[in-house]
1. GNM, chain C, Cα, under 10 Å: largest mean-square fluctuation among C:82, C:12, C:57?
2. Relative to the longest principal Cα axis of chain D, at what angle does helix D:84-94 sit, 0 to 90 degrees, rounded to 10?
3. Could you give the radius of gyration (one decimal) and Dmax (whole number) of the Cα atoms in chain D, in Å?
4. Output the antiparallel fraction of DSSP beta bridges having both residues in the protein assembly as shown, as a percent to the nearest 5.
5. How far apart are the residue A:69 label points across copies, placing each 7 Å from Cα toward Cβ, in nm, shortest first?
6. With every protein chain present, what is the per residue accessible area of the range B:75-128 (1.4 Å probe, Å²)?
7. Need one number: % antiparallel among DSSP beta bridges in the range A:96-163, to the nearest 5.
8. Among the DSSP beta bridges whose two residues both lie in the range D:1-127, what percent are antiparallel, rounded to the nearest 5?
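The values are calculated or read from the model by the stated rules, or taken from the named source; none is laboratory data. Quick caveat: nothing in here was measured; it's all calculated off a predicted structure. In this analysis, Cβ positions are derived from the backbone assuming ideal geometry, glycine residues included, and neighbour counts consider all displayed protein chains. Heavy atoms of the whole protein, side chains included, go into the accessibility calculation; ligands, DNA and RNA do not. Shrake-Rupley method; radii C 1.70, N 1.55, O 1.52, S 1.80 Å.
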Number of protein chains: 4
Amino acid sequence: MIRIVVTGGTFDKEYQELTGRLAFKDTHLHEMLRLGRSRVDVSIYTLMMIDSLDMTDADRARIIDECRQASEMRILVTHGTDTMVETGRALAAALSPSAGKTIVLTGAMIPYAFGSSDGLFNLGSALSFVQVLLPGVYIAMNGRCFAWDRVRKNRETGVFESV
Amino acid sequence: MIRIVVTGGTFDKEYQELTGRLAFKDTHLHEMLRLGRSRVDVSIYTLMMIDSLDMTDADRARIIDECRQASEMRILVTHGTDTMVETGRALAAALSPSAGKTIVLTGAMIPYAFGSSDGLFNLGSALSFVQVLLPGVYIAMNGRCFAWDRVRKNRETGVFESV
Amino acid sequence: MIRIVVTGGTFDKEYQELTGRLAFKDTHLHEMLRLGRSRVDVSIYTLMMIDSLDMTDADRARIIDECRQASEMRILVTHGTDTMVETGRALAAALSPSAGKTIVLTGAMIPYAFGSSDGLFNLGSALSFVQVLLPGVYIAMNGRCFAWDRVRKNRETGVFESV
Amino acid sequence: MIRIVVTGGTFDKEYQELTGRLAFKDTHLHEMLRLGRSRVDVSIYTLMMIDSLDMTDADRARIIDECRQASEMRILVTHGTDTMVETGRALAAALSPSAGKTIVLTGAMIPYAFGSSDGLFNLGSALSFVQVLLPGVYIAMNGRCFAWDRVRKNRETGVFESV
């Protein structure tokens, strides 16, 4: 059983047609897993729905708390890409290695609702990595998976790369 | 570096508007990896473009040969779902364990070109599993990964399940 | 009020994932009109769901009957493109000009369910033409509208053209 | 021959993945007409690419000028929905009825690039109305067509309705 913790990010942004703005409504995770015909045993929990640029220390404390208290040992966190690395670092600092949990953060560069999104690919990737990786905190983007302290987002290219 | 061997299957089927039939043209793998913003180092080779129900022993021999001669140690094979398990068995029988190759077969229930395909999810999943699994022959479908001799396709549900 | 008579055709074909075949389930007309945010007052009736190559004289008699008995004076018929012109001819022969009905046939080259369909464009076009054209039988395809006896489908290009 | 004057609006907005903002790049009109397999003879001219909330009197003067100088008698203007009615009024005030031009404005509630857009439906509709309506200035939205002074956008529902 895998815990999926939804925090928002580009993944779940939608176009509000009355205002012309991007905003959050409900998570698309259920729909995405159905489309992918996933038969992985998961429980999805929407913890928050925010842009990761707006994520505060208090928000990160809630994510840490959620991961700490989850009974599942394998956890996938959907997250905005802009501060995903920062949340990875906070999780790694707060969770004791002896807890034995495998936590994979992932996100998207294009909202799932916009049709040409990388979200479904990233979800397939992250959900696979989280099933097999040793305990630790990881970031799965661009088909690759990095330890939380071996990665940064290149803001010019939008690509996650090794450091 | 990962080798991607394309053999066709639902993954790559397209709608031919003049005949109203489903048929193969070029593989969508390049486009799918671009959409997924994949930065995994891959080389894609289209070996054949056929429906897996039409796959003969000679075709399977060509797949085995391709996997045997590939210099890459990690190989992803896209394949129709109907006889994917059969090809997995043939690969496992033919390749010596000492070759040390990790081979993951994947496919799709809905053509990628049809918009609501599971293909992108499966590709993200298979490409992730192939990076981390021990040598052997596997099938990655429905977000899960099975050893070649521990899986069958349930033809009533279209789902790959443990045996 | 406009009557929409659904007869099937490529418009409404779907991919059956268990068989890998194209088949009909329910019409997509309701969903298409919702996506187009249509506020045209319509009543949709699914008369049949068949490939127009399989359409018999008895089927055409049912379409004629449906158009004749409809209380609406403006009728849109969705239809496979292969024999759309033939059905147009049958309708024109059977319906008295004094009935004063405007009937527009339309269809699609690519199933609506496949994402890259011309269906939504054709529906917007046909629904507009049927609101303003004089009584008669017409075919609306490729953004244009033709009188039933001034058009043929070019089978090499898939385009409807003047004759 | 129909002139298509592109001014921007939701129709042509795209998601910029590096900034997470909506912005304009190139028009999607060519792609949309290709998808719709349109064989209507058109010439497309991108006059500006702006949000209609940002449209100034100077911008409207350019649209009027473009419509006045066009050699085509039938003109389709793509435009943001928020001030489409205002531009329609300006066009009607500026163009002499004796010019004999049929001008239809249309737009979209959802960007075409987002997959679930009403844009293709609206384009099919507007392109059809502009071929058959008498000279005048019209707004084609929601499958319907209104004279410029008989319509308003309901900002609560996003629907264009009669006044």
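1. It is C:57.
2. 30
3. Cα radius of gyration and Dmax of chain D are 14.6, 49 Å respectively.
4. Antiparallel bridges: around 40 percent, rounded to the nearest 5.
5. Spacings between copies for this position, smallest first, are 6.0, 6.4, 6.7 nm.
6. Ligands and nucleic acids excluded, the figure is 21 Å² per residue.
7. Around 65 percent of the beta bridges assigned by DSSP in the range A:96-163 are antiparallel ones.
8. 20
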